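*Asks:* Here it is, the structure, as structure tokens.
Here, each number is a calculation from the coordinates, and none is a lab measurement. None of the values given here were measured: they were computed from a predicted structure. Cβ atoms come from the backbone with ideal geometry, glycine included; neighbour counts cover every protein chain shown.
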Amino acid sequence: MNRGLDLVLRRTAVALITIFCAISLNFLLFRVVPGDAVSNLARVPNSTVAQQQALRHEFGLDRSIGVQYVAYLRELAHGNLGRSFANGQPVSKNLGEALGNTLPMVLLGTVVAILAGIATGVLGAVRRGTRTDRALTVSSLTVYALPAQWVGLLLLFLLGGVFPSGGRVDEFLIEPSPWQHTVDVLWHMTLPSLVVGLTLFGQYALLTRTAMLETLAEDYVLTARAKGLSTLRIVRHHALRNAMLPISTLIALSLGSVVGGVVLIETVFSWPGIGRAIYSAVTSRDYPMLQGAFLVLTVVVVVCNYVSDLIYLRLDPRITV
Amino acid sequence: MNGPVLEVRDLNVWFDGPGGRDVHAVRGVSFDVRPGDRLALVGESGCGKTTTVLGVLGLLGATASVSGSVRVDGQEVLTGGDAAMAPYRWGDLSIVFQGALNALNPVRTVGSQIAEVLPRDGRVSRRAALRRAGELLERVGMAARNVAFYPHELSGGMRQRACIAMALAGEPRVLFADEPTTALDVVVQAQILELLDRLADELGLAIVLISHDLGLVGQLCDRAMVMYAGRAVEEGPTEGLYTAPRHPYTRLLYEATPVLGADRPLRSIGGSPPALDVPLAGCAFRGRCPDAEDRCSLAEPALTPVAPAHRAACHLTGRTP
């Protein structure tokens, strides 16, 4: 317990430091790109130099970078990410909404991919070398190799008539009950979640199979067989638990990158999530939104890594540092 | 004396070799184990000792094919596959593997690994099972609180003791010990041997020891079977094998064993065992045998009685003292 607490504290410290570094880099990144916010403001065409200077002063862009940095950190600590150029709303509100739309969709797909991927991988490993194994491996590899947006378009083409082809809710549903609303959202979520799930499924299945083959060849699995334990018990209690070490890492890491990588999927399905927010922020040069979105993505990745560390700690009693 | 617990007749093991050339790893091995027996399988690495035992226990993988007959209490278990062997695993035949580190699952506590093979008559609570596991640990000279330890928290000798405790959990009648003292220092080796000796006496356990160390065999076993190239080349009482070896291999093996204070040079056996993926003509040992004659390349010698309860497979056996 003591060991665990010590480790959790260490990992937490590392995660916080990482986030701080990311915040600083994020700040610098937007200061080193050519042209500042004002010169890019196509919103004030034909502006005079004096007007631009006034704007710079208003936004505090004429102060030194150190002063700006401190101000940025101070505002960030108060949860203020600035206002979106595009719709004038606070960035934090926009992002919160987007993230709230993205997370359920991504999580649904991920959970399906985890369950199906692990089951497939375990089955392939236990039936190693059989026709079942080859069929599962080939299909996992195929799915793994397909680009997400292409799968998305294909699904739209094939199932577009069955499932809604875009958006998060049916705009014509007038005053739905909470139940109707949930069903509606889930219904819209099916296709994008399926694409997320399919793109993850392949790598989960392949890694599970490899990890399982490795642990099934371990001496303690031979011991377990000599003990007369059933195959199911050997797989669950002796092989899968050990194979879960690399699998849990991959899941946590991929979850982080998927949240950032949904730009294409959300664009294909017009899903109002963080991916589409980034896409529209880029096209409309909405710097505050973009900066905020980057920050959120970084935090998501760091948090996922942190959770993966904690899971690892729970799974493997040998970890000491 | 009752009938044998275990009867092995004409056991053959082939492995799928590369290029379709099967490796004939165990060739026609037969032996009996009666209650309280102390049998040793002796020979250098790669001569088929471990394969023989794994073949008997039905633990070889899918790449191996096994033929012959294995009977437990007169019941054939080899032909029925896993289902025929399952009821005898651990309850009647258990095994202690070499290299105790990997024989125990690193992510589960010692206690849980012992508890999972305890005979479950009726509902045994988890706590009762762990208490019983603790008693077994005390039986092998460990503290009962070690049930909560993970394998990596124990020393090599402790892990091997835990493996022995685990092997006792099913109250077996025959305990196979596959090089149980390899990778342990001499002092711990002696302790483990003493422990096995004591347990065999107390519990009326039959022990089948697999070893290349003749010194060890002499201390623990009263009967030994010397194996070479997958065959039994000599078997008899350990005393007889030491004082009057009838097969040149046994003699050379003995001369290659260091004995403290012995006034004789230590000799090694030149060459290495023959490849087993091509059919052998004549005696498998003739290439390394100092006494080989022409007739040794013509036919493989059969195991023939040379003294009471002592058999050897050598053409020259009449001549060797």
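*Asks:* What residues have an amide H closer than 5 Å to that of residue B:28, excluding those fewer than 5 places away on the same chain, when H is modeled at 1.01 Å from N in the peptide plane?
*Replies:* So residue B:28 has HN proximity to B:11, B:12, B:13.
*Asks:* Still on this structure: Once phi is turned into θ = phi - 60°, what whole-Hz ³J(HN,Hα) does the Karplus curve with 6.51, -1.76 and 1.60 give for every residue of the range A:274-281, x standing for Gly and Pro?
*Replies:* Karplus values, whole Hz, x for Gly and Pro: 5, x, 6, 4, 5, 4, 6, 5.
*Asks:* Cα-Cα pairs above 36 Å in the protein assembly as shown: how many percent?
*Replies:* Values: 116305 of 205761 pairs.
The share of Cα pairs beyond 36 Å in the protein assembly as shown comes to 57 percent.
*Asks:* Further question on the same structure: Please build a GNM for chain A, connecting alpha carbons under 10 Å apart, and tell me which residue among A:32, A:195, A:259 fluctuates the most.
*Replies:* Top of the fluctuation ranking is A:32.
*Asks:* Is the range B:84-206 best put as rounded, prolate or oblate by its Cα gyration tensor, with a ≥ b ≥ c the root eigenvalues, rounded for a/c under 1.5, and otherwise prolate when a/b is larger than b/c, oblate when not?
*Replies:* Values: a/c = 1.57, a/b = 1.17, b/c = 1.34.
It comes out oblate by the Cα gyration axes.
*Asks:* Calculate the length of the line joining the C-alpha centroid of the range B:158-203 to that of the range B:253-321, in whole Å.
*Replies:* Cα centroid to Cα centroid, the span is 31 Å.
*Asks:* From the backbone phi of the range B:8-23, what are the Karplus-calculated ³J(HN,Hα) couplings (6.51 cos²θ - 1.76 cosθ + 1.60, θ = phi - 60°) in whole Hz, Gly and Pro given as x?
*Replies:* My calculation for the range B:8-23 gives 10, 10, 6, 6, 10, 10, 10, 10, 5, x, x, x, x, 8, 6, 9 Hz in order.
*Asks:* Mean shadow of the range B:176-223, computed from the convex hull of its alpha carbons, in nm²? Display every interim value, and only then the final one.
*Replies:* Working: hull surface 12.5 nm².
Average projection, Cα convex hull of the range B:176-223: 3.1 nm².
*Asks:* Over all directions, what mean area does the Cα convex hull of the range B:178-321 project, stated in square nanometres? Intermediate values should be presented prior to the final figure.
*Replies:* On the way: hull surface 40.5 nm².
Over all viewing directions, the range B:178-321 projects a mean Cα-hull area of 10.1 nm².
*Asks:* Now for a different question. For a quick check, take a GNM of chain A with Cα springs below 10 Å and name the residue from A:219, A:309, A:286 with the largest mean-square fluctuation.
*Replies:* Checking each option, the largest mean-square fluctuation is seen for A:219.
*Asks:* Another question about this same structure. Calculate the length of the line joining the C-alpha centroid of the range A:279-319 to that of the range A:211-240, in whole Å.
*Replies:* 35
*Asks:* How long are the three semi-axes of the equivalent ellipsoid for chain A, computed from the Cα gyration tensor as the root of 5 times each eigenvalue, in whole Å, largest first? Kindly include the intermediate steps, with their values, before the conclusion.
*Replies:* Values: eigenvalues 383, 149, 52 Å².
One finds semi-axes of 44, 27, 16 Å for chain A.
*Asks:* If you wrap chain B's Cα atoms in a convex hull and average its projection over all directions, what's the area in nm²?
*Replies:* The directionally averaged projection comes out at 18.1 nm².
*Asks:* At 222 nm, what value in deg cm²/dmol follows for chain A if DSSP H runs of at least 4 each add -39500 (n - 2.57) and the sum is divided by all its residues, to the nearest 500? If you can, show how the numbers build up before the last one.
*Replies:* Values: 12 runs with 231 residues, N = 321.
That comes out to -24500 deg cm²/dmol.
*Asks:* Quick one: net charge around residue A:102, please, counting Lys, Arg +1 and Asp, Glu -1 for every other residue with C-beta under 13 Å from its C-beta. Walk me through the numbers before you get to the answer.
*Replies:* Numbers: positive: A:168, A:276; negative: A:97, A:266.
Neighbour charge sum, excluding residue A:102 itself: 0.
*Asks:* Going by how many other Cβ atoms sit within 10 Å of their own, how do B:289, A:21, B:221, B:283 line up, fewest first? Please report the intermediate quantities before stating the final value.
*Replies:* Numbers: B:289 19, A:21 12, B:221 23, B:283 28.
Taking fewest neighbouring Cβ atoms as first place, the list is A:21, B:289, B:221, B:283.
*Asks:* Still on this model: Just rank A:114, B:95, fewest to most, by other beta-carbon atoms within 10 angstrom.
*Replies:* Details: A:114 20, B:95 28.
In increasing order of surrounding Cβ atoms, one gets A:114, B:95.
*Asks:* Given the options A:116, A:22, A:71, state which has the largest fluctuation in a GNM of chain A using a 10 Å cut-off (strictly under) for Cα springs.
*Replies:* A:71
*Asks:* Among B:47, A:247, B:193, flag the residue with its Cα farthest along the positive direction of the charge dipole of the protein assembly as shown, charges on Cβ as +1 for Lys/Arg and -1 for Asp/Glu.
*Replies:* It is A:247.
*Asks:* Additional query: Decide, for the range B:1-74, between rounded, prolate and oblate: order the square roots of the alpha carbon gyration tensor eigenvalues as a ≥ b ≥ c, take rounded if a/c falls under 1.5, and otherwise choose prolate if a/b is larger than b/c, else oblate.
*Replies:* Values: a/c = 2.81, a/b = 1.88, b/c = 1.49.
Prolate, because a/c is 1.5 or more and a/b exceeds b/c.
*Asks:* Would you calculate, for chain B, the mean residue ellipticity at 222 nm contributed by helices, counting each DSSP H stretch of 4 or more residues as -39,500 (n - 2.57) and dividing by all residues, to the nearest 500? Can you show the working numbers first?
*Replies:* Values: 10 runs with 89 residues, N = 321.
Helix-only estimate at 222 nm: -8000 deg cm²/dmol.
*Asks:* Please rank A:187, B:14, fewest neighbouring Cβ atoms within 10 Å first, as an exposure proxy.
*Replies:* Result, fewest neighbours first: A:187, B:14.
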